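To keep things clear, I will list the structure first and then write my remarks on it.
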Amino acid sequence: MIDPAKIRKDFPILSRRVRGKPLVYLDNAATTQKPRAVIESLVSFYERHNANVHRGVHELSEEATNLVETTRAKVASLIGARHAHCVIFTRNTTESINLVAHAWGRKFLKEGDEILLTEIEHHSNLVPWQMIAREKGVKLRFIPLAHDGTLDVDSARQMLSPRIKLIAFSALSNALGSVSPIDKILAMARSIGAKTLIDAAQWAPHRPIDVRAWSCDFLAFSAHKMLGPTGIGVLYGKEDILEAMDPFLGGGDMIRQVFLDHSTYNVLPYKFEAGTPNIADAAAFDAAIDYLRGVGFDEIERHERALLGRALSVLGSMPEVEMYGPKDLDRQACLVSFNIAGLHPHDASTAIDLEGIAVRAGHHCCQPLMAKLKIPGTVRASFYLYNTLEEIDLLAAAVSKAARFFKKEEAIA
Ligand code: 7TS
């Protein structure tokens, strides 16, 4: 069982005060806080090992290279990838998806092809496909949102055809917390021979991944949402597909031989890692993975289920609160998304912030989803392993106070 009191001691920022009150950090879907081990790893890199990778023949360069490659191997083992060279370091999930759109999409998509996305995608898994679709004459189609806040996979079956060359979807929605029917979508893709890309930005911090069991073609996530530093993300791809793709960015490190009129390219993963990589953050990501594994994903899931259960019950019982998403512990995870009657989500989150509670308000980079729900946005409280049941109660008290205050204002007006 997770003891949040013990875990919280490892996160220096959690002991600070905000607006004169102890910080309650419930914006984990945006980015997570960092344990001391990650912070120390960053400092240690710059104090002891700083050098560029792969280039120098000197000791420091070798140490820096080893640190990056150790993390790469650890990421491969974390996600069940057979080869470390199928793990490409990017800046974040957004860059990983753009890499696939440009390096795979440009080469393998042609006019008349289709890409199947979903109506709940983060803009990162929508806009890159819009860009490539316009360029190549490709049609985008969407698995619709069902009334219960999940994906209506059954109605998507009617859209299936060999024209669909890729199905790209988020494993866990950042705006609703709904868990996608991953296996069903992957099976649909297999039935028509389409490639698959899983946006695991929200999944990877909370649940285990096995790319071999899923047999997905691409998977993307960001270190900063799983206790690691900002500026380092992952793209996993199947070896034969990565081999067949052309590079995304050109420059140093991604080449084998350069002539004035053409170049040949490096082996995986370096073919996709042009220029000096984010060495320090890659090194510190290692410590984040160690931390998560030390706690264990089973424990993390059990703890988050308890937090979500409490949030659904306390907020769900307030008449002035409208909740979005499945509202069911088996189909929703890690966050609640809601509005307070009569309050714009930004005003609601400002009122909650006055209590020292960090939540996020707005469209959560899911404007088409908000349009479908016919709302300007939501207030989102997202949880992680260091949050406590008491913090959920503090959130509920802040929500109740904001709702009461608004009612009073309304009565005066
Ligand atoms: N995909 C999903 C499902 C996400 O939630 C996010 C970030 C991204 C992609 C992009 O990740 P990035 O690391 O490249 O920025 N989501 C959020 C959020 O919900 N609030 O802030 C960032």
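Given the residues LEU14, LEU60, LEU67, which is the only one that is touching a residue at least 12 places away in the same chain (Cβ under 8 Å), open to solvent by 30 Å² or more (accessible area, probe 1.4 Å) and in a helix (DSSP H, G or I)?
LEU67
Restrict the check to segment 338-349 and report whether at least one residue is over 23 Å from VAL24 (Cβ atoms), out of contact with any Lys or Arg (no Cβ under 6 Å at 6 or more places or on another chain), within 16 Å of the ligand (Cβ to nearest atom) and assigned to a helix (DSSP H, G or I).
no
Which numbered condition in (1) open to solvent by 50 Å² or more (accessible area, probe 1.4 Å); (2) modelled with pLDDT under 95; (3) under 20 Å from the mean Cα position of the chain (by Cα) is the only one that VAL127 fails?
Here VAL127 clears every test but (2).
Quick check on my filter: what residues within segment 29-45 are more than 13 Å from THR230 (Cβ to Cβ) and out of contact with any His (no Cβ under 9 Å at 6 or more places or on another chain)?
Within segment 29-45, the subset more than 13 Å from THR230 (Cβ to Cβ) is 29, 35-37, 40-41, 43-45.
Of everything in segment 29-45, those that are more than 13 Å from THR230 (Cβ to Cβ) and out of contact with any His (no Cβ under 9 Å at 6 or more places or on another chain) turn out to be PRO35, ARG36, ALA37, GLU40, SER41, VAL43, SER44, PHE45.
Mind checking which residues of segment 54-85 are under 19 Å from the mean Cα position of the chain (by Cα) and charged (D, E, K, R)?
Those that are under 19 Å from the mean Cα position of the chain (by Cα) and charged (D, E, K, R): ARG72, LYS74.
Restricted to segment 17-56, and to residues that are of a type in the set (S, T, N, Q), part of a loop (DSSP other than H, G, I, E, B) and open to solvent by 20 Å² or more (accessible area, probe 1.4 Å), which residue is nearest to the ligand (Cβ to nearest atom)?
THR31
Among (1) in a loop (DSSP other than H, G, I, E, B); (2) under 20 Å from THR94 (Cα atoms); (3) open to solvent by 10 Å² or more (accessible area, probe 1.4 Å), which single condition is PRO205 missing?
It fails just one condition, (3).
I'd like to check which strands (runs of 3 or more DSSP E) are fully inside segment 223-336 and have at least 1 residues that are in contact with a helix residue (DSSP H, G or I) (Cβ under 7 Å, 6 or more places away or on another chain), in contact (Cβ under 8 Å) with a residue 40 or more places away in the chain and among the hydrophobic types (A, V, I, L, M, F, W, C). I'd like the intermediate steps shown before the answer.
Working: elements: 233-237, 255-258, 263-265, 321-324.
Per the criteria, 233-237, 321-324.
So that you can scan it fast, the table gives a plain yes or no per residue for (1) crowded, with 18+ Cβ neighbours inside 10 Å; (2) over 20 Å from the mean Cα position of the chain (by Cα):
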| site | (1), (2) |
| --- | --- |
| HIS123 | no, no |
| ARG134 | no, yes |
| ASP152 | no, yes |
| SER173 | yes, no |
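Rundown of residues vs (1) surrounded by fewer than 17 Cβ atoms within 10 Å (Cβ to Cβ); (2) over 20 Å from GLY149 (Cβ atoms), yes/no style:
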{"position": "MET323", "(1), (2)": "no, no"}
{"position": "PRO326", "(1), (2)": "no, no"}
{"position": "LEU329", "(1), (2)": "yes, no"}
{"position": "GLN332", "(1), (2)": "no, no"}
{"position": "LYS372", "(1), (2)": "yes, no"}
{"position": "ARG380", "(1), (2)": "no, no"}
{"position": "TYR386", "(1), (2)": "no, yes"}
{"position": "SER400", "(1), (2)": "yes, yes"}
{"position": "ARG404", "(1), (2)": "yes, yes"}
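Kindly check whether there is at least one residue in segment 378-390 that is more than 16 Å from the ligand (Cβ to nearest atom) and part of a helix (DSSP H, G or I).
Yes.
Looking only at helices (runs of 4 or more DSSP H) that fall completely inside segment 73-191, which ones have 2 or more residues that are without any contact (Cβ under 8 Å) to a residue 60 or more places away in the chain and within 15 Å of the ligand (Cβ to nearest atom)?
Filter on segment 73-191 gives 127-136.
Across segment 264-284, what is the number of residues that are open to solvent by less than 30 Å² (accessible area, probe 1.4 Å) and either modelled with pLDDT under 95 or touching a strand residue (DSSP E or B) at 6+ places or on another chain (Cβ under 7 Å) (or both)?
Residues that pass the stated criteria total 5.
Of all residues in segment 70-99 being open to solvent by 50 Å² or more (accessible area, probe 1.4 Å) and β-branched (Val, Ile, Thr), which is farthest from ILE279 (Cα to Cα)?
THR94
Select from segment 350-370 the residues that are open to solvent by 60 Å² or more (accessible area, probe 1.4 Å) and within 16 Å of the ligand (Cβ to nearest atom) and write down the one among them that is nearest to ALA397 (Cα to Cα). Even if it seems obvious, please write down each step before you answer.
First, the residues of segment 350-370 that are open to solvent by 60 Å² or more (accessible area, probe 1.4 Å): 350, 354, 360, 363, 367-368.
If we keep only those that are within 16 Å of the ligand (Cβ to nearest atom) too, we end up with 360, 363, 367-368.
On the way: ARG360: 17, HIS363: 24, GLN367: 29, PRO368: 31 Å.
Residue satisfying both the conditions and the ranking: ARG360.
The values are calculated or read from the model by the stated rules, or taken from the named source; none is laboratory data. Because the structure is predicted, anything quoted here is derived from the model rather than measured. Methodologically, a virtual Cβ is constructed for each residue, glycine included, from the backbone with ideal geometry; neighbour enumeration extends over all protein chains shown. The area values use the complete protein model at the heavy-atom level, side chains included, leaving out ligands, DNA and RNA. Shrake-Rupley method; radii C 1.70, N 1.55, O 1.52, S 1.80 Å.
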